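The values are calculated or read from the model by the stated rules, or taken from the named source; none is laboratory data. Note that this is a predicted model, so its numbers are computed, not measured. All Cβ positions, glycine included, derive from the backbone under ideal geometry; neighbour counts span all protein chains shown.
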Amino acid sequence: MNPILVFCEQRDGRLKKVGLEALGEACRLTKPLEREIIAVVIGSSVSALAQEPARHGASRVLVAEDPTLAYYSSEIYSTILTEVAIRLQPVAIVMGATAMGKDLAPKLAARLTSALIQDCVALEMDTDGSLLATRPMYGGKLHAVVKAKNPLMQIVTVRPNVFSPLEPQPASDILVERLTIAVNGTRPIARVRETHKTAGGRKELTEASIIVSGGRGLKGPEHFTLIEELAAALGAAVGASRAAVDAGWKPHSYQVGLTGKTVSPQLYIACGISGAIQHQAGMSSARTIVAINNNPNAPIFKLASYGIIGDLFEVVPLLTEEVKKLKTG
């Protein structure tokens with residue numbers, strides 16, 4: 001029976017959580033049929049990471065390790081995954097809908113001439129082995145259920161924080177296979193020589209379980225300290241609306257929305273954000289949404305689980321104080 005291949009993305013020697021979430025969903029899909037689940041890890045000095053996919057559901061782990069893989073290259077990574085897919089003939093290839101996944105998946109689909117379904121929020125396996133993938137469309141206004149014509153080597157990317165990873169288990173008998181692929185034979189058009197981080201250890205928006213975002217209602221960049229203090233108290237990531245980013249109050253890496261990052265946290269707190277369609281498209285899949293706005297007619301309240309109509313300059317400090325009290329008491 002054809003296996004399911006899961007690409008487990010790593011950055012700086014750590015696996016991204018979305019790879020483990022994809023493994024958990026693959027296990028759920030294959031449970032009735034007992035298909036083999038194979039994880040693939042690519043990078044430099046990544047052998048030590050092989051046990052983590054095994055503890056989260058992979059029955060086999062393939063490791064492509066080489067100094068030339070220290071930085072991501074869509075050409076080299078897609079070459080490796082193409083060779084693996086041709087050899088194993090998986091029914092599906094699953095990876096995260098991250099910046100890397102959204103770049104890698106289309107190139108891989110083109111090389112394999114296979115179907116590609118992006119940014120999935122639900123997956124089911126049809127009787128013929130085809131995936132029934134649910135994905136948001138038109139800025140999240142509707143959900144489409146998509147089925148590939150050919151139930152072989154279907155490529156899907158899954159939205160981070162939507163699926164749940166399995167509880168880690170001991171991985172004593174896991175088979176780890178080193179891939180002997182001549183990556184040096186691939187001559188990429190461009191190669192990354194170095195990267196410069198600007199996030200300064202900030203929590204990654206797409207993987208955060210709690211996000212506090214600020215918008216135009218903050219009236220200026222100096223007032224983002226209110227958002228940052230509440231986020232620090234909650235152990236949350238800080239986000240921003242497009243209006244706040246366009247005004248230069250925060251870099252684009254903070255932006256949540258259709259032209260920014262799509263997030264699916266357990267809790268999303270929108271402070272001074274009216275809730276334009278562009279912003280809703282990026283955060284509507286959050287489990288719980290709290291909106292703080294002094295305009296009772298703001299569109300964000302139609303989406304919110306809980307709404308606070310009031311001045312954020314009064315509400316947010318009080319909320320921060322209460323969170324701190326709960327944590328200390």
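Here the helices (runs of 4 or more DSSP H) wholly within region 12-94 that include at least 2 residues being among the polar types (S, T, N, Q) and surrounded by fewer than 23 Cβ atoms within 10 Å (Cβ to Cβ) are 74-88.
The requirement of being buried (at least 22 other Cβ atoms within 10 Å of the Cβ) and free of Cβ contacts under 8 Å to residues at least 40 places away in the same chain is not satisfied by ALA105.
The residues listed here are GLY248, GLY239, GLY201; of these, the one that is at pLDDT 95 or above and in a loop (DSSP other than H, G, I, E, B) is GLY248. Regarding region 148-162, can at least one residue be identified that is of a type in the set (A, V, I, L, M, F, W, C), out of contact with any strand residue (DSSP E or B) (no Cβ under 9 Å at 6 or more places or on another chain), more than 15 Å from GLY19 (Cβ to Cβ) and surrounded by fewer than 18 Cβ atoms within 10 Å (Cβ to Cβ)? No: zero hits.
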